[in-house]
Amino acid sequence: MSKVIKVNHVAIAVDDLEGALKFWRDDLGLELDHVETVPSEKVEVAFIPVGDSEIELVKPTSDETGLAKFIQKRGMGLHHLCLQVDDIDGMLINLRAKGVRLISEEPVELPGRKMAFIHPGSTNGVLVELYELLSEA
Ligand code: ZN
């Protein structure tokens, strides 16, 4: 039975990374690990480790993405919560069997991880991302 291991990250939608870093890094004192552009997702991400988890500041690099539309509609704010699981395929089968609405029917495979999204309609309004980290071959 697949299980949730921990909160991997909390993602905050922003329209200006430097502006957002002013609070998270400069005012709060957290350390910026690195900034990464993810062309496949059309986002730029600032990774800020917090203990065993991370805060990710996520900025759209195109006006056409769901993330960009989210900001246009609601402004910046909490975008999703990511739970790390030990077996994402098993978890999706399990959730589907329980009637949970999934955005991703199948996990998307990216370098080092597999991910999928659960529909906020099934999660009290929170977009939930699932991650399974893949060990480097
Ligand atoms: Zn995420």
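Values in this text are rule-based calculations from the coordinates and carry no lab data. All values reported here derive from a predicted model rather than from experimental measurement. Quick reminder, even Gly has a Cβ in these numbers, built from the backbone with ideal geometry, and neighbours come from all protein chains shown.
The table that follows gives values for the structure above.
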{"read-out": "Answer residue from region 110-137, given it is over 20 Å from residue 78 (Cβ atoms) and more than 15 Å from the ligand (Cβ to nearest atom) and is surrounded by the fewest Cβ atoms within 10 Å (Cβ to Cβ) among those", "value": "137"}
{"read-out": "Residue in region 89-105 that is within 16 Å of the ligand (Cβ to nearest atom) and over 20 Å from residue 124 (Cβ atoms) present", "value": "no"}
{"read-out": "Matching residues, region 30-39, being within 13 Å of the ligand (Cβ to nearest atom) and farther than 12 Å from residue 17 by Cα", "value": "38"}
{"read-out": "Flag for residue 61 being surrounded by 14 or more Cβ atoms within 10 Å (Cβ to Cβ), within 15 Å of the chain's Cα centre (by Cα), touching a residue at least 12 places away in the same chain (Cβ under 8 Å) and away from the ligand (no atom under 13 Å from the Cβ)", "value": "no"}
{"read-out": "Evaluation of residue 9 against (1) within 13 Å of the chain's Cα centre (by Cα); (2) away from the ligand (no atom under 15 Å from the Cβ) (one fails), failing number", "value": "(2)"}
